[in-house]
Amino acid sequence: MTPELDIVIPVYNEGRNIVAVLAALKRAVATPARVLICYDHAEDDTLPAIRANPQAHAGLPLEFVHNPRPGVHGAVLAGFAASTAPFVLMFPADDHVNAPMLDRMVALARDGCDIVCASRFMPGGAMIGCPWLKAVLVRSANFTLRHIARLPTTDASNGFRLFSRRPIEWIAIESSEGFCYSIELLVKAHRLNWKIAEVPVTWIERQDGRTRFQVLRWLPAYLRWYFYAFATTFLRRPPSTVAMKEAGTVDRSPPTAGRSP
């Protein structure tokens, strides 16, 4: 069956988490889907964990995508490049609780949304166990983006997000750090007047202390797109100012849905 949804999962030694995540996706997702496991190096312990537990994703197609540019940003972009489905979703490699929300996100995309955000801050969402500094920065940024810059989502900074093919294929990604591409695509889609929606999710801080989310290191890159959102609202920057890929143009038509190491 041709997948309607490609689930991009960037991994870095996620052997202890990935089997439960794949099992949750297999149980919960009714949409015809394929999983793209995006990895940096062949020694990543995620890969043997998946191979040793094929029953975890039996019936859920899975492919390995080698990332030629190490790091989470490169991994996600490699997944985007390998995707072919009408909808593409970036899913965390340690999230075994939010798989039931994916069909709802796809339904919103079928209804014409170019981006569907997974929100920790809308009714029904939650952020649990977050370190205080990260919590203050994340909550403050999202509150101001929603209520002052008027972005149509309560959670602009969450990398867990679904995209139609239009933003992936048409909008030029200028970011090069971490998950900055995600807020960049969001604020650019907002400037283009493309449709954006959100669903509630529960986000739980990693208990093993490992994370690839580096707040202070990525903060300057995030601030660029934070102020971009304000420029759209208060300086009335038009859609023509959005950097597009060579083949792209500013289009407001609704989207259409539908290598092993």
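The values are calculated or read from the model by the stated rules, or taken from the named source; none is laboratory data. These numbers were taken from a predicted model, which means no experiment stands behind them. Cβ placement follows ideal geometry from the backbone for every residue including glycine, while neighbour counts extend to all protein chains displayed.
When you go through Phe87, Phe64, Phe91 one by one, which is the residue that is touching a helix residue (DSSP H, G or I) at 6+ places or on another chain (Cβ under 6 Å) and of a type outside the set (Gly, Ala, Ser)? Steps first, please.
Numbers: Phe64 fails: touching a helix residue (DSSP H, G or I) at 6+ places or on another chain (Cβ under 6 Å); Phe91 fails: touching a helix residue (DSSP H, G or I) at 6+ places or on another chain (Cβ under 6 Å).
Just a single option satisfies the conditions, and that option is Phe87.
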For region 22-41, pairs from a residue that is within 11 Å of Pro61 (Cβ to Cβ) to a residue that is of a type outside the set (A, V, I, L, M) and assigned to a strand (DSSP E or B), with Cβ under 6 Å and 6 or more apart or across chains, are Arg34/Asp6; Leu36/Asp6; Leu36/Glu63
Per the list (1) at pLDDT 95 or above; (2) touching a strand residue (DSSP E or B) at 6+ places or on another chain (Cβ under 6 Å), residue check on Ile204 breaks on (1)
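Out of curiosity, is Trp225 touching a Cys at 6+ places or on another chain (Cβ under 7 Å), at pLDDT 95 or above, in a helix (DSSP H, G or I) and over 20 Å from Gly112 (Cβ atoms)? Talk me through it step by step, then tell me what you get.
Numbers: touching a Cys at 6+ places or on another chain (Cβ under 7 Å): yes; at pLDDT 95 or above: yes; in a helix (DSSP H, G or I): yes; over 20 Å from Gly112 (Cβ atoms): yes.
Answer is yes for this residue.
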Among residues belonging to region 59-81 that are at pLDDT 95 or above, more than 15 Å from the chain's Cα centre (by Cα) and farther than 13 Å from Ala33 by Cβ, point out the one that is surrounded by the most Cβ atoms within 10 Å (Cβ to Cβ).
Val65
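Considering only region 151-187, state which residues are farther than 16 Å from Pro239 by Cα and among the basic types (Lys, Arg). Full working, then the answer.
As a first pass, look at region 151-187 and keep what is farther than 16 Å from Pro239 by Cα: 152-165, 168-169, 174-183.
Result: Arg161, Arg165.
Got a sec? Which helices (runs of 4 or more DSSP H) wholly within region 115-210 have at least 3 residues that are within 20 Å of Val72 (Cα to Cα)? Steps first, answer last, please.
Working: elements: 132-147, 165-170, 180-191.
Counting at least 3 such residues, we get 165-170, 180-191.
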Is region 132-153 home to any residue that is within 29 Å of Thr46 (Cα to Cα), within 15 Å of the chain's Cα centre (by Cα), buried (at least 22 other Cβ atoms within 10 Å of the Cβ) and hydroxyl-bearing (Ser, Thr, Tyr)?
no
Failed condition for Pro255, given (1) at pLDDT 95 or above; (2) assigned to a loop (DSSP other than H, G, I, E, B); (3) surrounded by 18 or more Cβ atoms within 10 Å (Cβ to Cβ):
(1)
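Restricting the search to region 219-249, which residues are among the charged types (D, E, K, R) and surrounded by fewer than 13 Cβ atoms within 10 Å (Cβ to Cβ)?
Across region 219-249, the qualifying residues are Arg236, Lys245, Glu246.
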Val35 vs (1) in contact with a Pro (Cβ under 9 Å, 6 or more places away or on another chain); (2) closer than 20 Å to Ile204 by Cβ: all pass except (2)
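Quick test for you: out of Cys113, Cys130, Cys38, Cys117, pick the one residue that is more than 26 Å from Leu192 (Cα to Cα), modelled with pLDDT of 95 or more and not charged (D, E, K, R).
On the way: Cys113 fails: more than 26 Å from Leu192 (Cα to Cα); Cys130 fails: modelled with pLDDT of 95 or more; Cys117 fails: more than 26 Å from Leu192 (Cα to Cα).
When all the criteria are applied, what remains is Cys38.
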If you check Val11, Val35, which single one turns out to be touching a strand residue (DSSP E or B) at 6+ places or on another chain (Cβ under 7 Å), surrounded by 15 or more Cβ atoms within 10 Å (Cβ to Cβ), of a type in the set (A, V, I, L, M) and farther than 19 Å from Met105 by Cβ?
Val11
Just to be sure I understand, how many residues within region 106-130 are more than 17 Å from Ser157 (Cα to Cα) and crowded, with 22+ Cβ neighbours inside 10 Å?
3
